[in-house]
Each structure stands twice: as C-alpha cells, then as structure tokens.
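Engineer: The structure's right below; bear with me while I get my questions together.
Nothing in this text is a laboratory measurement; each read-out follows from the coordinates by a stated rule. Every value quoted in this text rests on a predicted model; they were computed, and no experiment measured them. Please note: Cβ atoms are built from the backbone with ideal geometry, for glycine as well, and neighbour counts cover all protein chains shown.
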Amino acid sequence: MEKNLEEIFQDKIDKEIKIEPKDWMPEKYRQTLIRQISQHAHSEIVGMLPEGNWITRAPNLRRKAILLAKVQDEAGHGLYLYSAAETLGISRDEMYAQLHSGKAKYSSIFNYPTLTWADIGAIGWLVDGAAIMNQVPLCRSSFGPYARAMVRVCKEESFHQRQGFEILLTLSKGTAAQRAMAQDAINRWWWPSVMMFGPKDDESPNTILSMKWKIKRFTNDELRQKFVDICAEQVKILGLSLPDKDLKWNAATNHYDFGAINWDEFWQVVQGNGPCNKQRLDTRRKAWEEGAWVREAANAHAEKRAKRKAV
Ligand code: FAQ
C-alpha cells in the first residue's frame, strides 16, 4: 500500500533525514517549530537586557570588552533564530508583534534582576550552562535550519559559560566580601536556572509530539537532571554551595537527588508576574519604537539603491 504524506514524513524523521523548509510537513510540526524557535529567539534578545545592565559597570576594561562581546553574540543568536523561523512562513514583523504584545513567551529566567557583578558570573555559569545542556541536543533537531543555527550558537554559548565560571572562580578566591557576593548570586540564580528546562514531564503538553518528531531529543526532566549532576560537581571547584539542603548523591540512581521546585513561582513568572517582566517588555517596546527611524532610513536607502540599479 502506498504511504501517505504523514507516513513518509515520519519515515524521514526516523531515518534521521533532516526536514527542510520546502519539504511537506504536518501543520502542527510547522506550528510547534515556529513557537519554539521564535520563543528561543525572543529569549536571546530579551536575555541581552539583564547583562546589558552591567556593561557600563564591569570592574575593568577586559571584563567590559568580554561582556560586550557576549551580549553581541546573543543578538546574533536571536537573528539566526528569527531567520530559521522565517523559513517556516512567519515574518519577522509578526514575531516582533507577538513579543511586544505580550502574546509570545520568552525564557522565564530573564525576568530576574541582576543586582551585583557576581550575577554576571552566575548567569554565565548557570544560565548559559542550562542553555547549552538544552541546546546541544537541538543541533540534532529534525528541522535543518534550526539544527544548523544551533551548531554555531552552542560554540558561542560554551565560551559564555566558561567566562561566567571564571568570574565566579576569581570572586571565590577574593576577599570575604567577594566570596559572599558570589554565593549570594548563586543562591538567587540557582532555582530559576533549574526551572529553565520547563515544567516536569507529566505537565509538559508539548514533549510527547516533539520527541516523536525529534525536535526535542531529551525530555525537560532528563535535561534538568543532567544539569543538576554537572553543577553539583562544579560548585565544589568554586568552594561554594548550591542552595538546596536536599541535594545529595544517590548511588542507586547514579544521579544527584534534589529538592522540590517551586512550580508556583515558575508559572507566575511565565504568566507575566515575575520581578522584571514588565520592565523587560517595556524596554523592548521602547527600543522598537525609538528604532523606527533607523528602519525607515534603511528602507528608503534600499529603495533608492534598487531604483539606481534599475536605471
Ligand atoms: N520559560 O510543553 P513544554 C538562553 C512554556 S536561551 C517560559 O515543556 P516545550 C541563551 C512553553 O513554551 C533560553 N516559558 O514546552 C542565553 C510552553 O508554552 P506554550 C531559551 C516556558 O516547548 C543565555 C509551556 O511552558 N532556550 O538562555 C519555559 O516542549 C544567557 C509548556 O512547556 C530555548 O528557548 C520557560 N523556562 O519545552 C541568552 C531553547 N519552559 O508555548 C542570554 C529552545 C516552558 O505551549 C543570556 N526551547 N515554557 O504556550 C526548548 O527547548 C523548549 O521550548 C523548552 C520547553 C524546553 C524551553
């Protein structure tokens, strides 16, 4: 019997053949990817804001140059991802409108404030660390443009993670006040980083289909556990601790057990009620409005050049 389009599509996925933009795909696959890739792009762009707060206050020129480069990388990641989403038939303007209207989600983590310089270390170590854990498997995602964009993104994220760890390592070897500042940043960023992986598997409506379609290669809980296992070891090198009294090696499972996640806090932040949600969206909207003249000028210039070429 001849196979239908959906069966041919699933066969390709099962054989690890990438799906490309012009290939047939189920509408739900297209929508799932638009949702995930655009949310990911928004996260990179909004994610520039907490760190941007420290560019003018980095403790020395070297740190400032590194932070500036890191934040620029994040803008680049956002742009690759918007381009990958565009191949699925959504325009960049539509995606921006969804972000600015509050309809589109972006990662919960970027709704927390950066109070001290050590927060820049904690973001690099924990937030970029969690991002890498989640994104390395996305390099093997079934949709070609997303998978290819992720390869470069992950290389840069890996540098970001190391720069964060190095900031914390330096502070951990400093004065008592510097050590305390590093510990305080870890205390505040740990649980929000653990939440980044999303709801637990039995409350994650998208995981089953995304795993079948190999958009996701691991479930939220699987990635979260890998992250906890790695951080529980790395924190020992810093001589600091993670704020979880239930964190304990379990020889039977070969993993660290960890304490209960505050899911109420997670959903509050996702629904727009986190400490900085309003500030983040206001800042993005203002940047969009104030950038209108640049877009107009660029369009006018492009039109002029096109006319000149046509003559
Ligand atoms: N925050 O059914 P699931 C970065 C939503 S990039 C907000 O499990 P899914 C780089 C989810 O969208 C960080 N919302 O969903 C950087 C869904 O809502 P919807 C971003 C969340 O898609 C570092 C609902 O909950 N990374 O950090 C969150 O299968 C430093 C149900 O969830 C990516 O986006 C959350 N944490 O799994 C930049 C990676 N978690 O849409 C600057 C790509 C879940 O149905 C500085 N994304 N939700 O209304 C993914 O891997 C997946 O989308 C997950 C969620 C794992 C995030």
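Engineer: Those residues that are away from the ligand (no atom under 11 Å from the Cβ) and more than 15 Å from the chain's Cα centre (by Cα), I need them from the range 120-158; list them, please.
Structural biologist: Answer for the range 120-158, where residues must be away from the ligand (no atom under 11 Å from the Cβ) and more than 15 Å from the chain's Cα centre (by Cα): Gly121, Arg140, Ser142, Phe143, Gly144, Pro145, Arg148.
Engineer: So, of the residues in the range 82-103 that are among the small types (Gly, Ala, Ser) and surrounded by fewer than 19 Cβ atoms within 10 Å (Cβ to Cβ), which turns out to be nearest to the ligand (Cβ to nearest atom)?
Structural biologist: Gly102
Engineer: What number of residues within the range 50-62 satisfy the criterion of being surrounded by fewer than 19 Cβ atoms within 10 Å (Cβ to Cβ) and either part of a helix (DSSP H, G or I) or within 14 Å of the chain's Cα centre (by Cα) (or both)?
Structural biologist: At the first step, the residues of the range 50-62 found to be surrounded by fewer than 19 Cβ atoms within 10 Å (Cβ to Cβ) are 52-53, 55-62.
Narrowing the set further to residues that are either part of a helix (DSSP H, G or I) or within 14 Å of the chain's Cα centre (by Cα) (or both) leaves 52, 55-57, 61-62.
Of the residues in that region, 6 qualify.
Engineer: I've got another one for you. Under the condition of being of a type in the set (Gly, Ala, Ser) and in a helix (DSSP H, G or I), which residue from the range 107-132 is surrounded by the fewest Cβ atoms within 10 Å (Cβ to Cβ)? It would help to see each step written out before you state the result.
Structural biologist: Step one: filter the range 107-132 for residues of a type in the set (Gly, Ala, Ser), giving 107-108, 118, 121-122, 124, 129-131.
Pick out the ones that are also in a helix (DSSP H, G or I) and you get 108, 118, 121-122, 124, 129-131.
Values: Ser108: 21, Ala118: 24, Gly121: 26, Ala122: 28, Gly124: 25, Gly129: 25, Ala130: 27, Ala131: 25.
Here the residue is Ser108.
Engineer: Checking the conditions here, which among Gly198, Gly164 is within 15 Å of Thr116 (Cα to Cα), within 11 Å of the ligand (Cβ to nearest atom) and not hydroxyl-bearing (Ser, Thr, Tyr)? Spell out the reasoning first.
Structural biologist: Values: Gly198 fails: within 15 Å of Thr116 (Cα to Cα).
Answer to the check: Gly164.
Engineer: Go through the range 63-78 and report how many residues are within 13 Å of the ligand (Cβ to nearest atom) and surrounded by 15 or more Cβ atoms within 10 Å (Cβ to Cβ).
Structural biologist: Residues meeting the conditions: 7.
Engineer: Against the conditions (1) within 30 Å of Pro59 (Cβ to Cβ); (2) in a helix (DSSP H, G or I), where does Leu240 fall short? Just the number, please.
Structural biologist: Evaluating Leu240 over (1) within 30 Å of Pro59 (Cβ to Cβ); (2) in a helix (DSSP H, G or I) leaves (2) as the failure.
Engineer: Now, a different point. With (1) within 12 Å of the ligand (Cβ to nearest atom); (2) farther than 25 Å from Arg217 by Cα as the list, and Pro59 as the residue in question, which single condition is left unmet?
Structural biologist: Going through (1) within 12 Å of the ligand (Cβ to nearest atom); (2) farther than 25 Å from Arg217 by Cα one by one, Pro59 breaks only (1).
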